[in-house]
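Trainee: Dumping the structure here so I can ask a few things about it.
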Amino acid sequence: MSESLEPVASSPAETRIEVAETCTRMAVHADRREWDLLRGLFADKVLLDYTSLNGGEPVQLTPEQIVGAWAATLSGYDATQHLIANHLVQVDGDRAVCTASFQATHRLATAHGAPLWTLGGDYRWELARVGGRWLIDSVVMTATWGDGNKDLPAQAAG
């Protein structure tokens, strides 16, 4: 019996799981401060759109720029937890779109105000299959609600 060196094609269900897991890993690696693993999830250029929270315009960034900014921001908190659920995945060849709901809790012990700030809403990721791996090349976060100490991000940055 001969062994094939050709990669085995994933089934449609396996492909959807791979895409959803890549998106979930973005949240997990950010919360665990696993910056190298987080960097490895992104394509060479990523459209990042957090305008629903911060205003402004979407930006095109490298993985290094994204991870540098997130490390600076998230490291100011005592802890964060980004929960991602209700993944819906559409695959078209080597392109995929994943949407999911999120709830992100940020904790910082502070002398002024509550120690928690929580956001909820939706993510929309676009991914490309590159070298057999799914890489994120677009992230749109749409915050639809928030609760708690909305001054916490400024305190975490200080």
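The values are calculated or read from the model by the stated rules, or taken from the named source; none is laboratory data. What you see is a predicted model; the values in this text were computed from it and never measured. When we count neighbours, we look across all protein chains shown, and the Cβ atoms used for this are built from the backbone with ideal geometry, even at glycine. Accessible surface areas use protein heavy atoms only, side chains included; no ligands, DNA or RNA. Shrake-Rupley method; radii C 1.70, N 1.55, O 1.52, S 1.80 Å.
Trainee: So Val139 fits all but one of (1) open to solvent by 50 Å² or more (accessible area, probe 1.4 Å); (2) within 21 Å of Thr24 (Cα to Cα); what number is the exception?
Mentor: It fails just one condition, (1).
Trainee: Then there's this: Select, from Trp134, Trp70, the only residue that is within 22 Å of Gly40 (Cα to Cα) and in a strand (DSSP E or B).
Mentor: Every option except Trp134 fails the conditions.
Trainee: Take the residues of region 66-98 that are open to solvent by less than 50 Å² (accessible area, probe 1.4 Å) and hydroxyl-bearing (Ser, Thr, Tyr): which is farthest from Ala154 (Cα to Cα)?
Mentor: Ranking the candidates gives Thr80 first.
Trainee: Still on this structure, I have one more. Exactly one of these conditions fails for Ser10: (1) of a type outside the set (Val, Ile, Thr); (2) out of contact with any strand residue (DSSP E or B) (no Cβ under 6 Å at 6 or more places or on another chain); (3) modelled with pLDDT of 95 or more. Give me its number.
Mentor: The failed condition is (3).
Trainee: Right, another one. I'd like the full set of residues that are assigned to a loop (DSSP other than H, G, I, E, B) and on the phi > 0 side of the Ramachandran plot, limited to region 108-131.
Mentor: If the condition is that a residue be assigned to a loop (DSSP other than H, G, I, E, B) and on the phi > 0 side of the Ramachandran plot, then Gly113, Gly131 are the ones that fit.
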